[in-house]
1. Work out the FRET efficiency for V31 and D110 from their Cβ-Cβ distance, taking R0 = 22 Å, and round it to the nearest 0.05.
2. List the pairs from K39/K108; K39/K84; K10/K84; K63/K113 whose alpha-carbon separation is above 20 Å, in the order I gave them.
3. Compute the acute angle (0 to 90°) between the alpha-carbon long axis of helix 56-67 and the principal axis of greatest extent of the alpha-carbon atoms of the chain; round to the nearest 10°.
4. Could you state the accessible area per residue of the stretch 24-120 in Å², with a 1.4 Å probe and every protein chain left in place?
5. Assuming R0 = 35 Å, what is the FRET efficiency of K122 and N69, from their Cβ-Cβ distance, to the nearest 0.05?
6. How many nm separate the modelled label positions at Y8 and V24, each set 7 Å beyond the Cα in the direction of the Cβ?
7. Pop out the carbon and sulfur fraction of the accessible area of the chain as a percent, whole number, probe 1.4 Å.
8. Using only Cα atoms, find the angle between the long axis of helix 8-24 and the longest principal axis of the chain, and express it within 0 to 90 degrees, rounded to the nearest 10.
Amino acid sequence: MSYTIPFYEKYFEYAGIILAKSIVDKTTVNVSLTRSLLKHLLGKKIAIDDLEDMDPDMHRSMKFILETNDDVEDLCLSFTYETKIFNETATRELIDDGYDTTVDELNKKDYVKKFCEAVMIK
């Protein structure tokens, strides 16, 4: 969503400067950062459980995909995800040719990993 705002990089840079300044000055800044953002800033790998902070329903859905004993292909998923941009839904590919790549038992872990990365980092 941030890429829809002109010069969004400057806003992130400015927010980073404010947070860095507060750390240097030992000043408390009342901000709430998600676990996935904090892990990303610290260079740590994100995990599916980090999605729970952002979207508990989506977290449950991803856990279901990983844990189900049913055939995942019955869910009719492809390597895509939907995002809202100015109240309009846009579909993005998680991999090249994602529209035509069906999620199955062999690639469901990769799908969930790429989905979580796209939702939490990109």
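The values are calculated or read from the model by the stated rules, or taken from the named source; none is laboratory data. The shown structure was predicted, so the numbers you read here are calculated from the model rather than taken from an experiment. A quick note on method: Cβ atoms are made from the backbone with ideal geometry, for glycine too, and the neighbour counts reach across all protein chains shown. Note: accessible area is taken over every heavy atom of the protein model, side chains too, but ligands, DNA and RNA are not part of it. Shrake-Rupley method; radii C 1.70, N 1.55, O 1.52, S 1.80 Å.
1. Details: r = 33 Å, r/R0 = 1.51.
Efficiency computed from Cβ-Cβ geometry: 0.10.
2. K39/K108; K39/K84; K10/K84
3. Rounded to the nearest ten degrees, it is 40.
4. About 71 Å² of surface per residue is accessible.
5. 0.70
6. 2.8
7. Carbon with sulfur: 54 percent of the solvent-accessible area.
8. 60
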